[in-house]
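Remarks on the structure that follows.
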Amino acid sequence: MNIHEYQAKQIFKDFNVPVLDGIAVTTAEEAKKAAEQLTTSKFVVKAQIHAGGRGKGGGVKIVNTPQEVYEAAEKMLGMTLITHQTSEEGKLVKKLYIESAANITKEYYLGITLDRQNGVPMMMASTEGGVEIEKVAEETPDKIIKTPINPLFGLQAFQIREVAFGLGLNKEQSKYFSKFASALYAAYAQKDAEMIEINPLALLDDDRMIALDAKMGFDDNALYRQEEVLEMRDFNEEDPAETEAGKYGLSYVKLDGNVGCMVNGAGLAMSTMDIIKYKGGEPANFLDVGGSANAETVAKGMEIILSDKNVKAIFINIFGGIVRCERIANGIIEATKSISIDVPVIVRLDGTNAKEAKEILKNAGISQLITAENLNEGAEKAVNIVKEVTA
Ligand code: GDP
Ligand code: MN
């Protein structure tokens, strides 16, 4: 789960990670009022969407008076912001953050992410702040300082000194940075964050360092013990189909292909996607209906898959273990009655009571149902059917 910049900065404040004063607003009037409350001579008006690259897209404006804040806010609210991190449709701006502006001497990059290869958090820092870090990683990887953190010991003082040295900070700046980095790691660890990104981390003319931007992502599996974080969830920023799936205990992730997949178990879901690709197709989604698949979840799964207009066929690949295949077969038949399915549905059921299930499906006489004997055949049929209709 991700949160907005203004929310991440609230967490930063709680952990004494230096940020400038700011107020989140939803109208231009509120924006002006917020500016009048801030003691500063320059303001930044920032669009709050779950995507970076706002500066280039017109979502970050520096202005001089509360009246100018009002005007900038009026323009920004309701606009659709398209950046390199949003989809082509962009994101509607509904909230702004009005912040004191800073006089920046230099921009750095500082982040903590999970190093999945080594299974530990990793601090990443670079003198190349303000620009896309992915670009830096690709073109000048030596300009990124990487520091693995042992979660049992935490971020050590000597590690911070190494990073400060790598960034070329002087003594005063290093002292300031040391507190900054410790506070940031505390926020990362205590809030069960998966990712924190500060780009830019700004060095000011008085040697202070401030998080000018803030991004935070959290481990979904830890949200049960992070009530405060969970309250920051903004469903406007999430895929509605994924949210809907979550309500029914289904794990759904939309992808760009056209073969819809309904599978039980994350491992089988992934191998199903693999085999579709292997056969020359493109999966439209990852969907795990879970171990307790029943008629209702199957119907809901179909509905969610079909809400994606790219889907040209659905491949149902269920292995009956605890869940018995004939129940799934009945679920599929129920689903075809309750929702209109206008694409072919390829079904491969194996495991407990697979024979009975096949009988049930055959006797149902539903024209768009196509059965497959095994995974290989099912994937092949699904991919070929999609190829035919899109040819
Ligand atoms: P992003 O484009 O979505 O990553 O948004 P950022 O919060 O990083 O803002 C984009 C850019 O605006 C930054 O890289 C800074 O150069 C600039 N910026 C943001 N806040 C301030 C500020 O307080 N003072 C100044 N001078 N520039 C700022
Ligand atoms: Mn940024």
Legend entry - Identity of the residue in the range 1-33, in a strand (DSSP E or B) and of a type in the set (A, V, I, L, M), that ends up nearest to ALA101 (Cα to Cα): ILE23
Inset, instruction - Please verify whether the range 149-162 includes one or more residues that are of a type in the set (Lys, Arg) and part of a helix (DSSP H, G or I). - result: yes
Legend entry - Whichever residue in the range 47-78 is in contact with a Lys or Arg (Cβ under 9 Å, 6 or more places away or on another chain), assigned to a loop (DSSP other than H, G, I, E, B) and within 9 Å of ligand 1 (Cβ to nearest atom) and, among such residues, is nearest to LYS94 (Cα to Cα): ILE49
Inset, instruction - Just give me the residues in the range 132-158 being free of Cβ contacts under 8 Å to residues at least 60 places away in the same chain, surrounded by 13 or more Cβ atoms within 10 Å (Cβ to Cβ) and within 15 Å of ligand 2 (Cβ to nearest atom), in sequence order. - result: VAL136
Inset, instruction - Pick out the one residue from ASN317, ASN376, ASN285, ASN310 that is at pLDDT 90 or above and over 27 Å from the mean Cα position of the chain (by Cα). - result: ASN376
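Yes/no per residue for (1) part of a helix (DSSP H, G or I); (2) open to solvent by less than 10 Å² (accessible area, probe 1.4 Å):
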{"site": "SER174", "(1), (2)": "yes, no"}
{"site": "PHE177", "(1), (2)": "yes, yes"}
{"site": "ALA181", "(1), (2)": "yes, yes"}
{"site": "ALA186", "(1), (2)": "yes, no"}
{"site": "ILE198", "(1), (2)": "no, yes"}
{"site": "LEU201", "(1), (2)": "no, yes"}
Legend entry - Check on ALA193, over 27 Å from GLU334 (Cβ atoms), more than 16 Å from ligand 2 (Cβ to nearest atom) and crowded, with 22+ Cβ neighbours inside 10 Å: yes
Inset, instruction - Kindly indicate whether any position in the range 36-55 is open to solvent by 30 Å² or more (accessible area, probe 1.4 Å) and aliphatic (A, V, I, L, M). - result: no
Inset, instruction - Return the only residue of LEU81, LEU110, LEU96 being touching a helix residue (DSSP H, G or I) at 6+ places or on another chain (Cβ under 8 Å), within 15 Å of ligand 1 (Cβ to nearest atom), open to solvent by less than 20 Å² (accessible area, probe 1.4 Å) and under 24 Å from ASP192 (Cα atoms). - result: LEU110
Inset, instruction - Kindly list, by first and then second residue, each pair from a residue in the range 37-56 that is modelled with pLDDT of 90 or more to a residue that is assigned to a helix (DSSP H, G or I) and within 9 Å of ligand 1 (Cβ to nearest atom), limited to pairs with Cβ atoms under 8 Å and residues at least 6 apart or on different chains. - result: LYS46/GLU5; LYS46/ARG54; ALA47/ARG54; GLN48/GLU5
Legend entry - Any chance GLY260 is surrounded by fewer than 16 Cβ atoms within 10 Å (Cβ to Cβ) and outside any helix (DSSP H, G or I): no
Inset, instruction - Identify all residues within the range 213-231 that are open to solvent by 30 Å² or more (accessible area, probe 1.4 Å), of a type outside the set (S, T, N, Q) and either in a loop (DSSP other than H, G, I, E, B) or more than 16 Å from ligand 2 (Cβ to nearest atom) (or both); write none if there are none. - result: ASP213, ASP219, ASP220, TYR224, ARG225, GLU227, GLU228, LEU230, GLU231
Legend entry - Top-ranked residue in the range 268-279 [being open to solvent by 50 Å² or more (accessible area, probe 1.4 Å) and not basic (Lys, Arg); ranked as nearest to ILE339 (Cα to Cα)]: MET270
Inset, instruction - Scan the range 34-46 residue by residue and report those that are part of a loop (DSSP other than H, G, I, E, B) and of a type outside the set (Val, Ile, Thr). - result: LEU38, SER41, LYS42
Legend entry - Enumeration of residues in the range 327-382 that are in contact with a Cys (Cβ under 7 Å, 6 or more places away or on another chain) and among the β-branched types (Val, Ile, Thr): THR352
Inset, instruction - Could you pull out the residue among ILE346, ILE385, ILE339 that is farther than 21 Å from ALA245 by Cα, touching a helix residue (DSSP H, G or I) at 6+ places or on another chain (Cβ under 6 Å) and aliphatic (A, V, I, L, M)? - result: ILE346
Inset, instruction - Taking ASP219 as meeting all but one of (1) in contact (Cβ under 8 Å) with a residue 60 or more places away in the chain; (2) in contact with a strand residue (DSSP E or B) (Cβ under 6 Å, 6 or more places away or on another chain), write down the number of the exception. - result: (1)
Inset, instruction - Within the range 163-172, count every residue that is over 15 Å from ALA125 (Cα atoms) and assigned to a helix (DSSP H, G or I). - result: 2
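The values are calculated or read from the model by the stated rules, or taken from the named source; none is laboratory data. A quick note: this is a predicted structure, and the numbers were derived from the prediction, not measured. Heads up, the Cβs are rebuilt from the backbone with ideal geometry, glycines too, and the neighbour counts pull from every protein chain shown. Areas reflect the complete protein model, heavy atoms only, side chains present, ligands, DNA and RNA absent. Shrake-Rupley method; radii C 1.70, N 1.55, O 1.52, S 1.80 Å.
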